[in-house]
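What follows is one structure encoded as structure tokens, with my remarks underneath.
The values are calculated or read from the model by the stated rules, or taken from the named source; none is laboratory data. Everything numeric in this text was worked out from a predicted model, so none of it was measured. Cβ placement follows ideal geometry from the backbone for every residue including glycine, while neighbour counts extend to all protein chains displayed.
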Amino acid sequence: MIDWAELYRQTCADLVRYLHRKVWDAERARDLAQEVFARALQHAARGQEPEHARAWLFSIAANLAKDEAKQVLRRKRHLTLLQGAARDAVQPDDSERVERAEREAAARAALEELGERDREVLLLWDAGLSYPEIAAQAGLAVGAIGTTLARARRRLVEAHEALEARHVAR
């Protein structure tokens with residue numbers, strides 16, 4: 001039987017970090033992490049406890065993040081139709097916030113350049129999952145995780161450098 005309170009204490013911060021890298025909104029990531037546990041507890045109440053609970057939670061999180069991305073796209077399309085393509089005005093005293101947003105956008109763009117498996121493995125590793133947990137979530141052999149991570153990191157750096165080079169060339 002799973003000790004859900006202990007699993008929550010050990011996993012919630014990692015889930016939030018993982019979800020933040022998926023949805024790029026800290027508050028929404030916290031909300032989604034709570035939803036992950038709510039869904040997991042509903043399954044547990046029906047007697048459906050997984051063998052690898054932590055990896056299972058990240059599976060639920062990945063599915064919620066995909067659903068969230070679809071909803072965000074629908075909302076954006078709807079707002080564009082209603083409001084037009086209005087842009088936020090940037091105040092001169094907001095330079096620190098703008099710089100942080102630019103760094104975040106660059107990281108997001110580099111992550112989006114990666115293949116789905118590379119991106120997923122990196123995000124799971126960043127969220128603190130162990131190699132066996134990443135392997136279970138990604139459908140890979142445990143022995144392949146180190147190599148996959150190394151390649152994914154290299155591809156991330158290359159994607160970031162390529163994006164920077166394009167930005168500088170403009």
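One residue stands out among those in segment 133-156 that are surrounded by fewer than 17 Cβ atoms within 10 Å (Cβ to Cβ) and without any contact (Cβ under 8 Å) to a residue 12 or more places away in the chain: the one that is nearest to residue 111 (Cα to Cα), which is 154.
Selection of segment 144-166 for residues being among the aliphatic types (A, V, I, L, M) and at pLDDT below 85 yields 162, 163, 165. Just one residue in the set 26, 33, 40 is at pLDDT 85 or above and exposed (fewer than 13 other Cβ atoms within 10 Å of the Cβ); that residue is 26.
How many residues, within segment 23-54, are outside any loop (DSSP other than H, G, I, E, B) and either without any contact (Cβ under 8 Å) to a residue 40 or more places away in the chain or under 19 Å from residue 136 (Cα atoms) (or both)? Counting residues in segment 23-54 that are outside any loop (DSSP other than H, G, I, E, B) and either without any contact (Cβ under 8 Å) to a residue 40 or more places away in the chain or under 19 Å from residue 136 (Cα atoms) (or both) gives 20.
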